[in-house]
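The values are calculated or read from the model by the stated rules, or taken from the named source; none is laboratory data. Model, not experiment: these values are computed from the prediction. Heads up, the Cβs are rebuilt from the backbone with ideal geometry, glycines too, and the neighbour counts pull from every protein chain shown. Keep in mind that these areas ignore ligands, DNA and RNA; they rest on the heavy atoms of the full protein, side chains included. Shrake-Rupley method; radii C 1.70, N 1.55, O 1.52, S 1.80 Å.
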Amino acid sequence: MHDDTPKNSVDTRSRILDAAEVLFMEHGFDGTSMRMITGRAAVNLAAVNYHFGSKELLIQEVFRRRLTDLNTARVAMLDKLEAEAGDAPVKPSRIVDAFFGTALRMAADVDGGGYNFMRLLGRTYTEPNEFVRQFLAEEYAECVERFLAALYRALADVDRKEILWRFHFMMGAMSYAIAGTDALQLVTGRFDDEDPSGLAPRLMSFLLGGLRAPLAESGAGPAF
């Protein structure tokens, strides 16, 4: 029997989402069983089925819960930048900060759950899962389209295919960095953990450097 009072229903749903988010981040989607989720959330399987219906729908809701807010914040910042710029294009560095910087600021939010979610999102890009990737592609489509359009306008003298590739590389770099230090430890043998807030300035510098790098054909970098 379920207590369907609004408060209890919301609390149970949030506990399940919180538990699933951490376990998916730690063990991956295939490595996380429903039993692990119910154990961490202190609920029974019936409660998970009641709120989500299936593991696939639970995975979607884990992402949708924070990704919707993240992409809304990104677009709102881009709207503000474009309004301030008027008829002029927004500077590429500001477009990059609105998209990637917003995500990195979420990743620095340890207490609010942003850190776990962004590590999960990063892991998703470094480990293949066709179902999740297809879902994320659909969730990202409108937001990414807006940002690519802004970059195309800001870098009108750069081939669009080059901009698309660089955006792809930047997405990969951020995902790899946020996913955690396991891969880096494998390469270097050691890595000293720091406050997650220290990641943003390092990674943003790297991303902007990549965007400014000389073009392969001409040897000249995009104009900022």
Unmet requirement for LEU57, which otherwise passes all of (1) open to solvent by less than 30 Å² (accessible area, probe 1.4 Å); (2) under 21 Å from HIS27 (Cβ atoms) | (1)
Tell me, please, whether a residue that is out of contact with any Leu (no Cβ under 8 Å at 6 or more places or on another chain) and among the hydroxyl-bearing types (Ser, Thr, Tyr) can be found in segment 96-119.
-> yes
Please work out if ARG74 is open to solvent by 40 Å² or more (accessible area, probe 1.4 Å) and in contact with a helix residue (DSSP H, G or I) (Cβ under 9 Å, 6 or more places away or on another chain).
-> no
Residue that is modelled with the lowest pLDDT, among those in segment 157-214 that are assigned to a loop (DSSP other than H, G, I, E, B) and either among the aliphatic types (A, V, I, L, M) or touching a Ser or Thr at 6+ places or on another chain (Cβ under 8 Å) (or both) | PHE191
Filtering helices (runs of 4 or more DSSP H) wholly in segment 41-98 for at least 3 residues that are charged (D, E, K, R) and at pLDDT 95 or above gives 55-85
For residues that are among the aromatic types (Phe, Trp, Tyr) and either open to solvent by less than 30 Å² (accessible area, probe 1.4 Å) or assigned to a loop (DSSP other than H, G, I, E, B) (or both), scanning just segment 126-145, find the one that is farthest from ALA73 (Cα to Cα).
-> PHE135
ARG94 vs (1) open to solvent by less than 70 Å² (accessible area, probe 1.4 Å); (2) over 22 Å from ASN129 (Cα atoms): all pass except (1)
